[in-house]
1. Considering LEU90, LEU96, which residue is touching a Gly at 6+ places or on another chain (Cβ under 7 Å) and buried (at least 21 other Cβ atoms within 10 Å of the Cβ)?
2. Restricting to region 195-222, count the residues that are more than 25 Å from GLY64 (Cα to Cα) and touching a helix residue (DSSP H, G or I) at 6+ places or on another chain (Cβ under 8 Å).
3. So which of ASP208, ASP174 is under 22 Å from ILE86 (Cβ atoms) and in contact with a Leu (Cβ under 9 Å, 6 or more places away or on another chain)?
4. Filter region 210-236 for residues that are more than 27 Å from ARG167 (Cα to Cα) and either of a type in the set (D, E, K, R) or not assigned by TED's automatic domain parsing to the domain that holds SER143 (or both) and give the result.
5. Within region 106-142, how many residues are under 19 Å from the mean Cα position of the chain (by Cα), surrounded by 22 or more Cβ atoms within 10 Å (Cβ to Cβ) and under 28 Å from ASP72 (Cβ atoms)?
6. Any chance region 70-85 includes a residue that's in the same structural domain as HIS203 (by TED's automatic domain parsing), farther than 23 Å from PHE230 by Cβ and either acidic (Asp, Glu) or in a loop (DSSP other than H, G, I, E, B) (or both)?
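The values are calculated or read from the model by the stated rules, or taken from the named source; none is laboratory data. In this text, all values refer to a predicted model and were calculated from it rather than measured experimentally. Glycine gets a Cβ as well: all are built from the backbone with ideal geometry, and neighbour counts include every protein chain shown.
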Amino acid sequence: MSAPRVARTVRNRLLPLIAAVVAATSGCHAAASWAGSPSPWDDHPAQGAGHAKEIYLTFDDGPGTETGQILDILRENNAKAVFFAIGQNLDAHHDLARRVINEGHVVASHTWSHQNLTRVDAGQGDAEIDRAGEALRRVGSTSRCLRPPEGATNDAVKARLRAKGLRPVLWNVDTEDWKRPGADVIADRLVSRVRPGMVVLLHDGGGDRSQTVQALRTALPALAAQGYAFRAVPGC
């Protein structure tokens, strides 16, 4: 067999193998990237599969200065959401928390003072959870959902929440609005990253949330135009 013919034979046999390796490598990378995204809860089905075209907006760290404006925007866009509130803030803003509930949203727990539950002892953890629960009841909330501060959880935290009849809820899409990257950036992240059935992390407290307010004014109508509906997290 001539040298050119041998070269062609080798090339023809190797190219499919190389393509297969590249495809397998790309697939592993994609799977690793997806695996790195937090699941909103342990027993939740795969995101984007089997869901109506709806997404679940959630707001952390409030009630805060911008909560009222966020409620106005949600009402304008026929949107419902879950507000994972800090117990201390609930006690300081009773009327605002009750407005959240009266307008058809859910107020749920984000602990009493935003302590990382994996870094405190059992007594402190119980106090964070229980005091926040009492604050929720004072404003009329019966939600059994809790978002661990920083999304930090482990087997011990999960067991403690189960024992108290509480359900941890994390997220799929983090807009990182707390970093204040600009309203356009927040809006783009929200519009471009969501898929049906995803839980979105935003903030209505913990600092200046004016960029979040402006981003919602842009993003919610854009998503509604794509056919999305905005619902509270099921089960909360």
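1. Working: LEU90 fails: touching a Gly at 6+ places or on another chain (Cβ under 7 Å).
Matching residue, one of LEU90, LEU96: LEU96.
2. Within region 195-222, residues that are more than 25 Å from GLY64 (Cα to Cα) and touching a helix residue (DSSP H, G or I) at 6+ places or on another chain (Cβ under 8 Å) number 1.
3. Working: ASP208 fails: in contact with a Leu (Cβ under 9 Å, 6 or more places away or on another chain).
None of the others qualify; the one that does is ASP174.
4. Within region 210-236, ARG217 is the sole residue that qualifies.
5. 5
6. Of all residues in region 70-85, those in the same structural domain as HIS203 (by TED's automatic domain parsing) come to 70-85.
Checking the rest, the ones that are also farther than 23 Å from PHE230 by Cβ come to none.
Taking every residue of region 70-85 in turn, none turns out to be in the same structural domain as HIS203 (by TED's automatic domain parsing), farther than 23 Å from PHE230 by Cβ and either acidic (Asp, Glu) or in a loop (DSSP other than H, G, I, E, B) (or both).
Rundown of residues vs (1) closer than 19 Å to VAL100 by Cβ; (2) part of a loop (DSSP other than H, G, I, E, B), yes/no style:
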residue: GLN115; (1), (2): no, yes
residue: THR118; (1), (2): no, yes
residue: GLY123; (1), (2): no, no
residue: ILE129; (1), (2): no, no
residue: GLY133; (1), (2): yes, no
residue: SER143; (1), (2): yes, yes
residue: GLU150; (1), (2): no, no
residue: ALA156; (1), (2): no, no
